[in-house]
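Trainee: Could you have a look at this structure, given as structure tokens, before my questions?
Throughout, read-outs are computed from the coordinates displayed, never taken from laboratory work. Worth saying up front: this structure is predicted, and the values here are computed from it rather than measured. Ideal geometry is used to build each Cβ from the backbone, glycine not excepted, and the neighbour counts take in all protein chains shown.
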């Protein structure tokens, strides 16, 4: 870009336009085909052109020219912005910071001008990215909030932005595309703020910014349908975990609606080419993922409803499921402080919302509706996730199905029906564990053994409660059933514990932190269930009590030797310590009775 005092504004703009076009081609097209051994080849070429443009523009700006200074500043700002982005992408962060800071200093006094505003917002956005990459989220936030404030201030002026793309096109009039460049820049600001607030552990604010980003993408029809649906469905999980089932259901319904619209358009252009088939396969995959999110919604609603009935029996009037009880510091005015506004007003999602409640469940009938929805979504996900091809995902789907039966059983009052629900869980988990190899799926096998131990215990407790309530003498069949349930529970807990031991049957000197709770719990369950076995023979009674003592003693040894275990499992440690003192007395009594018989 050669410069002389005689150059007219038109010549400077044409010169800039030609070079800027070369830069964009290098960055947008050529860089995708750079060789592996020179991954930044096109970016470095673009930077060379930009550096030359930068020097030339400086000369024009510093000359006593009558040229439009705002336009010149806008062009210089665009050049610096692109250099800063290239430096960041080529991991020269120090240079990127210097160049972007220079751009900010150059443009800030003219920030409200239509030619400047979009570029300066992009400068702030990239400074936000830069400081995020340096793990300084507070500093990143400060720049992103500047970008947000600048956008909001400019919008109040009712001016049309004139980004650099407009100036180099020389069309003379602002167009809708120019407006969209500003809107896209602002959407990116909100997206980056969502990430930054996530890094700062301000999870609610991060979620709201994610929602606003999705809402703007919908508003301006500026999104990839599958990505948008996945992001909306993923966000729904956060809301459900906060008991925000109103917002969670809405985001899932929106995700499914967008996928339906995308599928319809895809089939309109049906063909046998590879691109179409690849898109169809991606749709199948991601539809299964959204189905899993729906199933998680059902599970979380059932879990929260159970917890509420168990913990808050005296406060059941507090049935808030729309997060209106949460306080949000909304000094940045992202949703007006009203959580009920966290929805998409320009999309009809009633088809999906009408299928399932967003309110806490109180009765078996309420829960059955949610349970059936859960099964439907799990079965849809299983159409894609098969045991022979995607085993880990399939295993998790079966585990989710088992959990749904567990929650339904909580709301069922009839003992026999409750037992049948748990038996259904046993069937699906035992069928599954026969099919998977512990060598490759040890973590899952452990989870399944532990859960089976729990389920057999649940049925055992139902049967024992029934026996305790009746005045009639229990039948041999009923007693055998009790003993079988005890043995099956203990057998599964033993499988779990043996999987933690080495090949010589020895536990590690110190348990991994995530194994402490299940290992201690398994031993405590074995201790309790050993004592619940019914035997008339004194020798058999003695073996049951001895097994119980060994299990309780294992808990005492683990917790005595590991401060983490003692702190985490205080209640079990205390109870097992008591039992270790009591059971030797029972053992001696049984031994004495046996000796007396002999």
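Trainee: Roughly what would the spin-label model give for residue 430 and residue 109, points 7 Å off Cα along C-beta, in nm?
Mentor: 8.3 nm
Trainee: Give or take rounding to whole Å, what are the principal axis extents of the alpha carbon atoms in region 383-506, in descending order?
Mentor: Computed over the Cα atoms, the extents are 52, 41, 19 Å.
Trainee: Also, I was wondering about something else. Ranked by Cβ crowding within 10 angstrom, fewest neighbours first, how are 401, 232, 577 ordered?
Mentor: Details: 401 22, 232 29, 577 15.
Lowest count first: 577, 401, 232.
Trainee: Continuing with the same structure: Run lengths n ≥ 4 of DSSP H only: what is the helix-derived mean residue ellipticity at 222 nm for the chain, with -39500 (n - 2.57) per run over all residues, to the nearest 500?
Mentor: -25000 deg cm²/dmol
Trainee: Would any residue of region 260-298 have its amide N under 17 Å from a label point 7 Å out along Cα→Cβ of residue 355? List them or say none.
Mentor: 260-264, 284-298
Trainee: Between residue 92 and residue 340, what is the label-to-label distance in nm when each label sits 7 Å out along the Cα-to-Cβ direction?
Mentor: Calculated label separation equals 5.5 nm.
Trainee: With a Förster radius of 30 Å, plug the Cβ-Cβ distance of residue 501 and residue 538 into 1/(1 + (r/R0)^6) and report the FRET value to the nearest 0.05.
Mentor: 0.45
Trainee: Using only Cα atoms and rounding to the nearest 10 degrees, what angle (0 to 90) does helix 9-28 make with the longest principal axis of the chain?
Mentor: With rounding to tens, the tilt is 30 degrees.
Trainee: Give me D for the chain in µm² s⁻¹, whole number, from Stokes-Einstein with Rh from the Kirkwood sum over alpha-carbon pairs, 20 °C and 1.002 mPa s.
Mentor: D = 73 µm²/s.
Trainee: Measure off 7 Å from each Cα along the Cα-to-Cβ vector at residue 219 and residue 48, then give the distance between these two points in nanometres to one decimal.
Mentor: That separation, rounded to one decimal, is 4.4 nm.
Trainee: Taking the Cα centroid of region 467-510 and of region 101-163, what is the distance between the two, rounded to the nearest whole Å?
Mentor: 65 Å
Trainee: Kindly express, to the nearest 10 degrees and within the range 0 to 90, the angle between helix 476-500's C-alpha long axis and the longest C-alpha principal axis of the chain.
Mentor: 40 degrees
Trainee: Same structure again: Would you kindly state how much longer the chain becomes between residue 265 and residue 281 on full extension, computed as 0.36 nm times their sequence separation minus their alpha carbon distance, in nm to one decimal?
Mentor: Full-extension gain reported as 4.3 nm.
Trainee: Let me ask something else about it. Given Cα positions, please report Rg to Rh for region 507-598, the hydrodynamic radius being the Kirkwood one.
Mentor: Here the Rg-to-Rh quotient is 1.06.
Trainee: Pulled fully out, how much extra length does the chain show between residue 311 and residue 568, if you take 0.36 nm times their separation in residues and subtract their Cα-Cα distance?
Mentor: 90.4 nm
Trainee: Measure out, as a whole number of angstrom, how far apart the alpha-carbon centroids of region 568-596 and region 69-89 sit.
Mentor: Using only Cα atoms, the two centres lie 78 Å from each other.
Trainee: Ok, one more. Roughly how many Å is it from the Cα centre of region 4-50 to that of region 380-415, as a whole number?
Mentor: Comparing the Cα centres of region 4-50 and region 380-415, I get a distance of 55 Å.
Trainee: Stretch residue 41-residue 510 to full length: gain in nm at 0.36 nm per residue minus the Cα-Cα span? Before the final figure, lay out the partial values.
Mentor: Values: separation 469, 0.36 × 469 = 168.84 nm, distance 5.18 nm.
Taking 0.36 nm per residue and subtracting the Cα distance, the gain is 163.7 nm.
Trainee: Next question, about the same structure. Please arrange 519, 275 by how many other C-beta atoms lie within 10 Å of their C-beta, fewest to most.
Mentor: By the 10 Å Cβ count, ascending, the order reads 275, 519.
Trainee: Another question, if that's okay. By how many degrees, between 0 and 90 and to the nearest 10, does the Cα long axis of helix 176-199 differ from the longest principal axis of the chain?
Mentor: Its long axis makes an angle of about 40 degrees.
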